[in-house]
Amino acid sequence: MQSYDCLIDGRDVPAADGRTFEIVCPSDGKPFAAAARGGKAEVDAAVAAARRALETGDYGRMTPTERGRVLSRMAEAVRDRHAELTALEAMDCGKPTKQAATDINCLARYLEFYGAAADKVHGLQIPFLNDWLVTGIREPHGVTAHIIPWNYPAQIFGRSVGAAIAMGNACVLKPAEDAGLTCLEVAKLALDCGLPAGGLNVVPGIGEEAGAALAHHPDIDFISFTGSPEVGTLIQKAAAERTIGCTLELGGKSAQVVFADADLDHALPIITNAIIQNAGQTCSAGSRVLIESSVFDAVTARLAERFADLRVGTHAMDLDLGPLINRQQHERVARFVERASDLELLAEGRLAGDLPAAGFYATPRLYGPVSPDHYLAQEEVFGPVLVAIPFNDEADAVRIANGTAYGLVAGVWTKDGARQLRVARRLKAGQVYVNGYGAGGGIELPFGGVKRSGHGREKGFEALYEFSQLKTIAIHHG
Ligand code: NAI
Ligand code: MG
């Protein structure tokens, strides 16, 4: 069984106390690898290595162009090892292979994008009093902590670490205990691609141990977190104690709003995919579909046909959905479904035959009509459960769409151009798609939440501003 160490200061380092934890494949519930169970000692060493790399090491002396070249080489290295990384991501997360392949493509695209952007972030020159020259320069935060989840480890590595390195931060990454092996593999590739030791360190481990040690470390300068609202709140408190900044990306209950004039042939496959992708374990999953009353029955009938056709299997079977990540998530989704016995189940997909008994499988389900204040229309399930909610008019649609604690992504489906703009502007979400839905969107598109979905923006150019801060230099030249 392969064993993964921490990556600290360019070296493979086991946990000081020799502890490891098992990495389980969600498709059969069996361990297939082990990783060092990092704790405070490893986090201390990783943060110290990052600080040295930045202040006295080769990393801190690199030009933006040189950092960009490292990221560009990493993108190529990821593409060269696409098949291998895809297989690892699929097994680690239990994702259908085609989904894992897309994720590895996205990882390469993030690295390519941030590699090309590294030397294109200009500062400012600000008009001021006569005899003064004022400039604003973008500086890295310093040592950045990256605590990431198990649902898209490779992609989130790319979007978070890629942008941070582009801006010259030295990174310490804590992948999720449930999946994060591709992060360790790609971090090692970074060294081969010329990243100086200490520029990127990875400490695998448990959230309450390595994660908490990292979030509370006295020598980190910024935290980038993606995960649950509960832990996000702890992260923000830890950041507040030291008055450092953080970005939080905490999931959602994203709405797809379907007006009666929508092009259903175009919309329905995308609406279906937005909730079944990664078995619904996607922060930006489109987990509510709001449908204009006059077409509610017709639209849900067509959606139901699609749901009934969906198949769930192992990652290697490469069907529509794979298993959920672990027993805890499996039980969580099962509890949601049990509590939904008062609702009409319009359709349910099926499990493939002969699935490993210990895998964490859940069937995709479509419920409707569901009242907007029903808990299943309010709470994030993080599983393949779609609720259909009827609405009467545009104002009603906007009120229902905005009527949850979250605000990450929304979709609007209508041919009426003025309505597209009106609704898009009124929706409280960090991203709105019109006649499309990105389930997180392209790597170029700024992404992040409002309300309980979090704050700060990742992806695109905007992430480069998040991973840096502006210093104003005012020079009196007489
Ligand atoms: P989580 O929020 O516990 O895990 C996310 C990351 O935070 C992991 O790396 C974990 O090790 C770390 N972590 C956990 N406790 C920590 C602590 N006390 N201090 C520092 N780091 C800590 O999420 P979990 O438990 O895996 O899933 C629970 C629910 O969270 C899911 O059902 C889903 O609703 C939500 N979630 C949302 C995600 C998103 O993409 N927005 C991703 C994963 C989970
Ligand atoms: Mg947790």
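Quick notes on this structure:
- Among residues of segment 235-283, those that are under 27 Å from Gly313 (Cα atoms), within 11 Å of ligand 1 (Cβ to nearest atom) and of a type in the set (Val, Ile, Thr), counted: 1
- Verdict on Gly199 being farther than 29 Å from Thr472 by Cβ and either within 16 Å of ligand 1 (Cβ to nearest atom) or of a type outside the set (Lys, Arg) (or both): no
- Output for segment 394-433, where each listed residue is touching a residue at least 12 places away in the same chain (Cβ under 8 Å) and of a type in the set (D, E, K, R): Glu394, Lys415, Asp416, Arg419, Arg422, Arg426, Lys428
- Residue-level check: of (1) closer than 28 Å to Gly322 by Cβ; (2) touching a strand residue (DSSP E or B) at 6+ places or on another chain (Cβ under 8 Å); (3) surrounded by fewer than 20 Cβ atoms within 10 Å (Cβ to Cβ); (4) not polar (S, T, N, Q), Gly29 misses just (2).
- Looking at segment 256-348, the helices (runs of 4 or more DSSP H) lying wholly inside it that each contain 2 or more residues that are more than 16 Å from ligand 2 (Cβ to nearest atom) and crowded, with 23+ Cβ neighbours inside 10 Å sit at 264-276, 296-309.
- Total residues in segment 136-151, condition crowded, with 23+ Cβ neighbours inside 10 Å and more than 16 Å from ligand 2 (Cβ to nearest atom): 4
- Single residue of Glu177, Glu209 found to be surrounded by fewer than 22 Cβ atoms within 10 Å (Cβ to Cβ) and either among the charged types (D, E, K, R) or over 30 Å from Gly252 (Cα atoms) (or both): Glu209
FYI, it's all coordinate maths here, none of it is from the lab. Since the structure is predicted, the reported quantities are computational estimates derived from the model, not experimental observations. Don't worry about glycine lacking a Cβ; one is built from the backbone with ideal geometry, like all the others, and counts go over all protein chains shown.
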